[in-house]
Amino acid sequence: MVKIFDLYETENLVVNDPGLKRVINLKPKLVLKSHGRARGKFAQTKINLVERLANLIAVPGHRNKKHIVMTSLASGKYSTNMKVVLKAFRIIEDKTKENPVQVLVKAVETASPREEVTTIEYGGAKYPQAVDCSPSRRIAITLRLIVHGAYDKAFGKKTKIEEALANEIILAAQGSGDSAAVKKKEELEKSANSAR
């Protein structure tokens with residue numbers, strides 16, 4: 001049986017959210033490296049969830065088209081990014097005594113926003129309008145928020161990025177208000193509710 005990095009099995013993992021079932025890819029591979037080959041429609045759904053998380057670590061501070069946080073970790077090197085993820089997974093396994101990939105899936109399910117706000121122009125005026133999030137966008141937003149939350153807790157502080165990432169994933173899986181991803185999800189859904 002093939003395991004992710006020969007460490008974590010994905011056979012018995014459960015995705016409870018029916019909307020995310022078909023877009024969360026948990027296909028086991030020894031080395032999660034797509035080499036950017038996944039292109040075309042719904043290409044992101046062909047990339048393993050763990051690899052998507054590692055790819056986002058390469059660009060930690062990308063917020064609103066500006067790089068606010070830049071660190072030495074943002075080198076874009078696959079090995080550097082994956083080391084951070086693997087160390088974070090070890091910390092998650094020690095703390096929760098569960099499969100860290102299952103904890104990540106639970107975090108994505110819990111912290112993914114179901115609605116967001118877009119701007120529509122009507123008669124020269126712009127209005128905020130609540131829209132439903134597509135399943136693939138829900139995952140993309142959540143993974144980005146988890147990485148941003150981890151970098152905010154680690155940048156310029158004593159906490160290492162691996163510990164911050166592990167804590168952020170655990171808190172998001174529990175649905176805790178201390179998680180940056182869960183906080184942002186609640187903000188997005190609240191603003192969508194008022195823009196209905």
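Quick notes on this structure:
- Contact map, the stretch 159-175: residues that are charged (D, E, K, R) paired with residues that are part of a helix (DSSP H, G or I), Cβ distance under 6 Å, separation 6+ or inter-chain. Pairs shown: GLU162/VAL84; GLU162/LYS87; GLU162/ALA88; GLU168/ILE146; GLU168/GLY149; GLU168/ALA150.
- The residue list GLY149, GLY177, GLY124, GLY156 contains one member that is surrounded by 13 or more Cβ atoms within 10 Å (Cβ to Cβ), farther than 28 Å from GLY40 by Cβ and not hydroxyl-bearing (Ser, Thr, Tyr), which is GLY149.
- Test result for LEU165, at pLDDT 90 or above, surrounded by 13 or more Cβ atoms within 10 Å (Cβ to Cβ) and of a type outside the set (Gly, Ala, Ser): yes
- Scanning the stretch 3-47 for residues that are in contact with a Pro (Cβ under 8 Å, 6 or more places away or on another chain), closer than 16 Å to LYS106 by Cα and surrounded by 14 or more Cβ atoms within 10 Å (Cβ to Cβ) turns up TYR8, GLU9, THR10, GLY19, LEU20, VAL23.
- Scope the stretch 1-37; condition hydroxyl-bearing (Ser, Thr, Tyr) and assigned to a loop (DSSP other than H, G, I, E, B); matching residues: THR10, SER34
- Residue that is of a type outside the set (Lys, Arg) and closer than 21 Å to ARG63 by Cβ, where the choices are ILE91, ILE141: ILE141
- Per-region count, the stretch 36-55, residues without any contact (Cβ under 8 Å) to a residue 40 or more places away in the chain and farther than 14 Å from ASN81 by Cα: 9
- Flag for VAL131 being modelled with pLDDT of 90 or more and either of a type outside the set (S, T, N, Q) or surrounded by fewer than 17 Cβ atoms within 10 Å (Cβ to Cβ) (or both): no
The values are calculated or read from the model by the stated rules, or taken from the named source; none is laboratory data. Everything numeric in this text was worked out from a predicted model, so none of it was measured. Neighbour counts are summed over all protein chains in view; Cβ atoms, including those assigned to glycine, are modelled from backbone coordinates with ideal geometry.
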